[in-house]
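Trainee: Structure incoming, see below.
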Amino acid sequence: MKTTFGSFSLMPPENQASERARRPNEYRVSELESSMSSVQIDQKSYEMPPKEGMSIAHFLTVGDINRSLDYYEKVFGARILSRGDGNAPGYLQLANIWMIVNVGGSPTPDKPTVSLSVPNPNHINSFLNFRVADIQACYELWKSRGAEFITAPIPKYGEIRCYIRDPDGYIIEVGQSTDQTYG
């Protein structure tokens with residue numbers, strides 16, 4: 001399946017004016033969704049799996065593949081590329097990255113000393129970082145879709161930020177840069 005990042009939107013441009021007139025209070029959310037689905041990187045197209053060069057995906061060890069796929073689709077508008085089939089992982093596209101979700105397990109021949117497990121929710125060593133243009137709009141939209149925020153957005157070190165906890169305990173930082181500088 002070829003996935004390209006270019007100029008596309010969740011709502012076709014010809015429908016945006018009528019949609020704005022029909023549901024003015026909801027149009028702000030539609031604008032956010034539309035802006036989150038358009039990414040261009042050095043005029044290149046990327047696909048998963050790559051036919052040339054490389055593409056990068058973030059791997060999450062999860063307790064339930066379908067639960068995680070459904071969560072990232074519902075809350076953030078991710079596109080599910082594959083739900084896997086038994087032992088295969090699930091794949092999704094979220095903004096300008098691909099994610100792979102799979103259950104944990106014991107060491108395997110290609111990683112003989114490594115076991116995978118979901119994180120301890122209070123001791124995280126890695127997390128996703130979503131940079132957004134309007135943190136308040138994201139907070140409202142994602143909260144309405146079931147995201148569990150640890151706190152509301154808080155100003156901190158030249159940005160406004162907050163954190164979400166996903167169903168497996170991973171945290172996701174959501175941040176908006178401000179004009180304030182430090183140091």
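Trainee: I'd like the residue in segment 40-51 that is in a loop (DSSP other than H, G, I, E, B) and farther than 19 Å from Tyr91 by Cα and, out of all such residues, is modelled with the lowest pLDDT.
Mentor: The extreme case among them is Gln40.
Trainee: Only residues that are within 16 Å of Ser68 (Cα to Cα), within 14 Å of the chain's Cα centre (by Cα) and in a loop (DSSP other than H, G, I, E, B): list them for segment 94-140, please.
Mentor: Once the filter is applied, which keeps residues that are within 16 Å of Ser68 (Cα to Cα), within 14 Å of the chain's Cα centre (by Cα) and in a loop (DSSP other than H, G, I, E, B), segment 94-140 yields only Phe127.
Trainee: Only one of these is in contact (Cβ under 8 Å) with a residue 12 or more places away in the chain and under 16 Å from Ile171 (Cβ atoms): Asn120, Asn96. Name it.
Mentor: One residue alone meets the criteria, Asn120.
Trainee: Might you check whether a residue that is part of a loop (DSSP other than H, G, I, E, B), polar (S, T, N, Q), out of contact with any strand residue (DSSP E or B) (no Cβ under 7 Å at 6 or more places or on another chain) and free of Cβ contacts under 8 Å to residues at least 60 places away in the same chain occurs anywhere in segment 60-69?
Mentor: Checked against the condition, which is being part of a loop (DSSP other than H, G, I, E, B), polar (S, T, N, Q), out of contact with any strand residue (DSSP E or B) (no Cβ under 7 Å at 6 or more places or on another chain) and free of Cβ contacts under 8 Å to residues at least 60 places away in the same chain, segment 60-69 yields no hits at all.
Trainee: Considering (1) modelled with pLDDT under 95; (2) surrounded by 15 or more Cβ atoms within 10 Å (Cβ to Cβ); (3) closer than 20 Å to Asp70 by Cα; (4) of a type outside the set (Asp, Glu), say which one Ile164 fails and leave the rest.
Mentor: Going through the list (1) modelled with pLDDT under 95; (2) surrounded by 15 or more Cβ atoms within 10 Å (Cβ to Cβ); (3) closer than 20 Å to Asp70 by Cα; (4) of a type outside the set (Asp, Glu), Ile164 breaks only (1).
Trainee: Ile97: over 28 Å from Glu47 (Cβ atoms) and either surrounded by 12 or more Cβ atoms within 10 Å (Cβ to Cβ) or of a type outside the set (S, T, N, Q) (or both), yes or no?
Mentor: No, not satisfied.
Trainee: Something else now. For Glu19, indicate whether it is of a type outside the set (Ser, Thr, Tyr), exposed (fewer than 10 other Cβ atoms within 10 Å of the Cβ) and modelled with pLDDT under 80.
Mentor: Considered against the rule, which asks whether it is of a type outside the set (Ser, Thr, Tyr), exposed (fewer than 10 other Cβ atoms within 10 Å of the Cβ) and modelled with pLDDT under 80, Glu19 comes out as no.
Trainee: Okay, moving on. If you check Ile150, Ile135, Ile100, Ile164, which single one turns out to be within 22 Å of Met48 (Cβ to Cβ) and among the β-branched types (Val, Ile, Thr)?
Mentor: Result of the check over Ile150, Ile135, Ile100, Ile164: Ile100.
Trainee: Let me spell it out: the conditions are (1) more than 19 Å from Ala95 (Cβ to Cβ); (2) loosely packed, with under 12 Cβ neighbours inside 10 Å, and Val118 meets all of them except one. Which number is the exception?
Mentor: (2)
Trainee: Being in a helix (DSSP H, G or I) and of a type in the set (Ser, Thr, Tyr) is the filter here; which residues of segment 141-183 pass it?
Mentor: Ser144
Trainee: Considering segment 143-154 alone, what residues qualify as being over 21 Å from Ile124 (Cα atoms) and in contact (Cβ under 8 Å) with a residue 24 or more places away in the chain?
Mentor: Arg145, Gly146, listed by residue number.
Trainee: Condition test on Gly183, is it surrounded by 12 or more Cβ atoms within 10 Å (Cβ to Cβ) and at pLDDT below 95?
Mentor: no
The values are calculated or read from the model by the stated rules, or taken from the named source; none is laboratory data. Nothing here was measured: the structure is a model prediction, and the numbers come from that model. No Cβ is skipped: glycine too gets one built from the backbone with ideal geometry, and neighbour counts run over all protein chains shown.
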